[in-house]
Amino acid sequence: LYICFFGKGTNLNFLLFKANWFRLLQLIPDCCRRKTSVGCCPPTLKQRSDMFARAVLMISCSMLTAREAAGQTAEFQSEAEPALNCPDSYRARKGDKVIMEYIGLLANGTEFDRGQSEFTIGENKVIPGWEKGMTGGCAGERINMVVPPEFGYGDSPSDKVPAGSTIYFITQLQAVIRTTKPVAGGCNEGQKARPNIDVTMDIEGRVITPSADGQKFVDKPSLEVRFGNPKAIRFVRGLEAGLTGACPEEERLLFLGPDLAYGAAGKSDGKVKPGQSVR
């Protein structure tokens with residue numbers, strides 16, 4: 001979306017990611033994933049799925065633990081599954097802001113953290129493994145990482161992560177946000193795009209394809225949307241996520257995964273198919 005705002009290889013230790021945690025989670029109704037399973041789905045479904053995922057995880061992680069005990073150093077690994085093969089110019093790079101969702105796990109399968117994070121690649125405000133793992137990613141990809149201590153928390157403990165731990169992340173790259181025309185000197189906070197104001201933009205949007213010639217699904221020189229509307233459609237929420245903080249006359253290029261575009265249903269007119277990412 002071109003917008004001008006007015007106003008190393010796989011090994012046995014990588015099997016935990018081949019277990020396709022995200023695909024497993026998709027089999028569980030939303031209400032169960034939100035831990036509100038009472039009255040919406042059989043508790044045994046979530047219990048069985050959780051037990052299966054963690055069993056695979058513990059077996060795979062124990063392989064790595066044994067490898068480390070034998071004196072072999074864990075290597076940083078990342079893999080997109082499935083790889084979306086977006087054009088190179090669409091891939092996350094230094095200077096881009098990324099939005100990702102993640103689950104963090106220890107070698108014994110214990111979940112130590114989960115949530116959403118936004119950061120700019122190259123600013124060194126997150127662990128090096130995250131920057132390394134997101135670099136080269138396509139919006140919408142599920143990127144799984146093995147993060148040895150030197151790319152994680154090193155020899156210092158961090159909350160639930162013991163010192164010297166190799167940690168694992170199951171992530172989804174939701175958006176890549178690239179400022180293509182910054183405003184010299186910036187602007188004051190009152191001028192920036194933010195919740196609870198009307199934002200007008202010049203917008204052109206296309207479906208992301210490997211050949212970079214995806215179908216155009218929106219082209220409006222003056223589109224006005226209300227930021228902060230809890231009833232806004234998914235795509236508008238994606239625009240808000242990508243444009244919040246922008247100054248008038250600033251131009252940004254947004255690459256949005258399905259969760260911030262049109263989701264599993266696609267666009268009603270068929271121009272964006274189910275599960276497609278957009279730019």
I'd like the carbon and sulfur percentage of the solvent accessible area for region 116-218, probe radius 1.4 Å, heavy atoms only, ligands and nucleic acids excluded. 45 percent
Can you count the Lys pairs in region 85-218 with C-alpha separation below 28 Å, eight or more apart or on different chains? 19
Measuring from label point to label point, each 7 Å out along Cα→Cβ, what is the Lys220 to Ala83 span in nm? 3.7 nm
Need the full-extension length gain, Glu123 to Ile233, defined as separation in residues times 0.36 nm minus the C-alpha distance. One decimal, nm. 36.4 nm
Distance between modelled label sites at Gln191 and Ala265, nm, 7 Å Cα→Cβ extension: 3.8 nm
From the C-alpha coordinates alone, can you work out the Kirkwood hydrodynamic radius of region 145-279, in Å? 17.2 Å
Kirkwood Rh, region 172-225, all Cα pairs: how many Å? 14.1 Å
Val183 to Thr200: extension gain in nm, 0.36 nm per residue of separation minus the Cα-Cα distance? 4.5 nm
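The values are calculated or read from the model by the stated rules, or taken from the named source; none is laboratory data. Quick caveat, the model's predicted, so the values are computed rather than measured. Note that each Cβ is placed from the backbone with ideal geometry, even for glycine, and that neighbours are counted across all protein chains shown. Heavy atoms of the whole protein, side chains included, go into the accessibility calculation; ligands, DNA and RNA do not. Shrake-Rupley method; radii C 1.70, N 1.55, O 1.52, S 1.80 Å.
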